[in-house]
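These notes concern the structure reproduced below.
The values are calculated or read from the model by the stated rules, or taken from the named source; none is laboratory data. These numbers were taken from a predicted model, which means no experiment stands behind them. For neighbour counting, all protein chains shown are included, and Cβ atoms are generated from backbone atoms with ideal geometry for every residue, glycine included. To get the accessible areas, we keep the full protein, side chains included, count just its heavy atoms, and leave off ligands, DNA and RNA. Shrake-Rupley method; radii C 1.70, N 1.55, O 1.52, S 1.80 Å.
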Amino acid sequence: MGSQDERTNVTGRRALLGAAVLGAGGAVLGMGGTARAASASTPGHSGGLKSLPVPTIIGHRGASGYRPEHTFGSYQLALDLGSHVVEAGDLVPTKDGHLVCRHEPEIGGTTDVADHKEFADRKVTKVLDGVPTTGWFTEDFTLAELKTLRAVERIPANRPHNTLYNGRWEIPAFEEVLKWQDEQTRKRGRQVWIYPELKHPTYFRKLGLGLEERLAKVLRKHGKDGRNAPVIVQSFEPTSIQRLNTLVDNPLVVLLSSASSRPWDFVETGDPRTTADLVTPKGLREIAGYAQGIGPTLDLVVPKDANGDLTEPTTLVADAHKVGLILHPYTLRNENPFLPTRFRKGTDADAYGDVFGAYKAYFATGIDGVFTDNPDTGLLARADFVNG
């Protein structure tokens, strides 16, 4: 548990949010009618970041607990389940400069590329952020070539049910996602939000495929480069977010990995700081100078002990809020292997544990939202929290 002050703040927060869930999540509570929009429904414009319900439920790579990630099937289901925001998608470039949605540039584990004999000679080994990686890379394919591939489930051992959908959907181009966002906003009568991530910006800049400029150009083209645009952009590389801050006015978020890790752009430039340095009050103040939020791993919010159980929350939530940053940590998943030890049930890799207990523990810290592979579960946990 946190300090008395923190607990008092959380209690007040819950009281204030009680009414919000009736508007933003009414459908989740079984109420009739369409859930009221939290922001304007004009495509490309919203009430800004502060218009999102708190805590915000973000569909991680769509509804990836139920469909192969970063597909329109996954994105569509995330909206159907009630996600406030959809992480559509992780952006990587093609050989001819388009941005597409894949978790990594290496696509051997998320597409059927290995079954395409015409691309057998594209299999190579590259060094990706210091790690030798063998497979097929998006930057070696044109968009037209990638469109001949189909998505498959990335973690079939944990999600054998998702393999039912292998081969059904193609790789989305980001421009298609922006058009889909507008279509869904019109159809649903509420502003649909997306939360793309720039993947490995330093790696791609060295290849002459700078991501920030490409993203800025596409956002400008679609009128979604403003402060109130319903597009939040994130990256694990702080200098990438700093660069993007000079190009667009979108809400920006710095992703943060484990405390001992170093962002790859820091490694490349010789910056000795680790993530632990970035989450100090000084580091957070610096981030607040060019970003509106942070996306920490959940372990930075509530560390685990040697047994994988939750310990005491850190001061990260209070420290970030003090400098005006929101926190959207990642990632809550229903399956046992992804949960703190005390919330696991049985030993099956694909069995669900007590994820509601985990949500309760994390929401109690005062986080502003969370990435989840199972948005429907997250919305139920949110309703419990704001009405508890």
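Between the helical axis of 375-387 and the dominant principal axis of the chain, each derived from Cα atoms, what acute angle in degrees is found, rounded to the nearest 10? On a 0 to 90 degree scale, this one is about 20.
For the chain, the share of DSSP beta bridges that are antiparallel, to the nearest 5, is 35%.
Whole Å is fine, so just give me how far the alpha carbon centre of the range 54-88 lies from that of the range 172-226. First find each Cα centre; the distance between them is then 16 Å. Here the accessible area of the range 139-291 is 51 percent carbon and sulfur, with a 1.4 angstrom probe and all protein chains present. Principal axis analysis of the Cα atoms in the range 205-301 yields extents of 39, 31, 21 Å, listed in decreasing size. With kT/(6 pi eta Rh) evaluated at 25 °C and eta = 0.890 mPa s, and Rh the Kirkwood radius from Cα pairs, the range 293-338 diffuses with a coefficient of 213 µm²/s according to Stokes-Einstein. Annotation for A349 and R285: the two label points, set 7 Å from Cα along the Cα-Cβ direction, are 4.7 nm apart. Under 16 Å from a label point set 7 Å out along the Cα-to-Cβ vector of K360, the amide N atoms of the range 319-346 belong to 340-345.
Given R0 = 30 Å, the distance between the Cβ atoms of V323 and T269 translates into a calculated FRET efficiency of 0.80. Who wins for biggest fluctuation among G89, G73, G293 in a Gaussian network model of the chain, springs between alpha carbons below 10 Å? Maximum fluctuation in the GNM of the chain, among the listed residues, is at G73.
Running a GNM on the chain with Cα contacts under 10 Å, which residue among V248, V192, V127 ends up with the highest mean-square fluctuation? In this elastic network of the chain, the residue with the biggest mean-square fluctuation among V248, V192, V127 is V127.
For V100, the amide hydrogen comes within under 5 Å of the amide hydrogens of V92, T94, F174, counting only partners 5 or more places away or on other chains and with H modelled in the peptide plane.
Out of the chymotrypsin sites (Phe, Trp or Tyr not before Pro) in the range 279-388, which ones are loop residues according to DSSP with at most 12 other C-beta atoms within 10 Å? Here no loop site has a sparse enough neighbourhood. Straight-distance candidates among the aspartates and glutamates for linking to K360, with alpha-carbon spacing under 12 Å and chain neighbours fewer than 8 residues away dropped: D384.
Quick one: which of K95/K117; K95/K224; K50/K304; K117/K147 span more than 21 angstrom between C-alpha atoms? Walk me through the numbers before you get to the answer.
Numbers: K95/K117 19 Å; K95/K224 25 Å; K50/K304 31 Å; K117/K147 15 Å.
As for pairs spanning more than 21 Å Cα to Cα, those are K95/K224; K50/K304.
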